[in-house]
Amino acid sequence: MTGPSFPDHLLTLAEWAELPEYEQFHVEVCEGVLSASPRPGYLHQHVAFGLVAQLADQLPTELAVLGDVEVLLTETPLTVRCPDGIVVDRALVDDDPDRATAADVRLVVEVMTEGTVRTDRVTKFSEYAEARIPVYWMIDLVEPATLGVFVLDDGWYRYDGEYTGKVTLQAAGHGVSVDLDALTAVRPPQRSAPVDGAGRAPG
């Protein structure tokens, strides 16, 4: 099995665009440095794709929800993430760009799995806030599965609640129902304490 080739310099956007597809790896770039991890498992994919489907059924036609697409957060140094879900204007889909920019994203979603918790809670938390993405949802699959909501407030994310089961939330200004129980048929056996993006338990 051949993995990604790590260059001896910080990647540019043009070099990133020329990289081949690696079916066995989830590849992103953070501040010019290539980051590769194993592809997520079936439960993660089931939840991520299911959430995209739930939102797609409820959002108005002027909005679109996409899964596992590139988002350019900064070009210098280059940071490109591939979130589990984003909500954008439908016009962006019609334009069909190579990747979204942070300014295009109305809502970003990450589904946490073993090996991504710190990246999702700390690294991506700060990256998405600094890129001024208005809302960040983090889904923790550890039983009981929870959805944490963080809303941009004065340049940083404010904790706006953690939810289980079936809830109604705001997605790009529209009320949507999210059914976590329907998304998670099988769950890991134990629960970790919730923390905000700075590593603190919400007060």
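The values are calculated or read from the model by the stated rules, or taken from the named source; none is laboratory data. From a predicted model like this one, the values you see are computed outputs, not experimental measurements. Cβ placement follows ideal geometry from the backbone for every residue including glycine, while neighbour counts extend to all protein chains displayed. Please note that ligands, DNA and RNA were not included when accessible areas were found on the heavy atoms of the full protein model with its side chains. Shrake-Rupley method; radii C 1.70, N 1.55, O 1.52, S 1.80 Å.
Figure legend. Inter-residue proximity from segment 8-24: first residues more than 23 Å from residue 39 (Cα to Cα), second residues open to solvent by 50 Å² or more (accessible area, probe 1.4 Å) and among the hydroxyl-bearing types (Ser, Thr, Tyr), beta-carbon distance below 9 Å, spacing 6+ or different chains. Indicated pairs: 12/76. The set of residues from segment 142-187 being more than 15 Å from residue 110 (Cβ to Cβ), aliphatic (A, V, I, L, M) and modelled with pLDDT under 95 comprises 182, 185, 186. Looking across segment 68-95, the residues that are open to solvent by 10 Å² or more (accessible area, probe 1.4 Å) and of a type in the set (Ser, Thr, Tyr) come down to 74, 76.
Among the residues making up segment 30-73, a single one is small (Gly, Ala, Ser), touching an Asp or Glu at 6+ places or on another chain (Cβ under 6 Å) and part of a strand (DSSP E or B): 35. Within segment 150-185, the set of residues being open to solvent by 60 Å² or more (accessible area, probe 1.4 Å) and within 20 Å of residue 64 (Cβ to Cβ) comprises 170, 173, 174. Here is the figure for segment 117-139: residues that are farther than 14 Å from residue 103 by Cα and among the small types (Gly, Ala, Ser) total 1.
Please enumerate the residues belonging to segment 96-133 that are surrounded by 17 or more Cβ atoms within 10 Å (Cβ to Cβ) and part of a loop (DSSP other than H, G, I, E, B). Matches in segment 96-133: 113, 116, 131, 133.
Looking across segment 93-110, the residues that are touching a Leu at 6+ places or on another chain (Cβ under 9 Å) and within 19 Å of residue 172 (Cα to Cα) come down to 93, 100, 101, 102, 104, 106, 107, 109.
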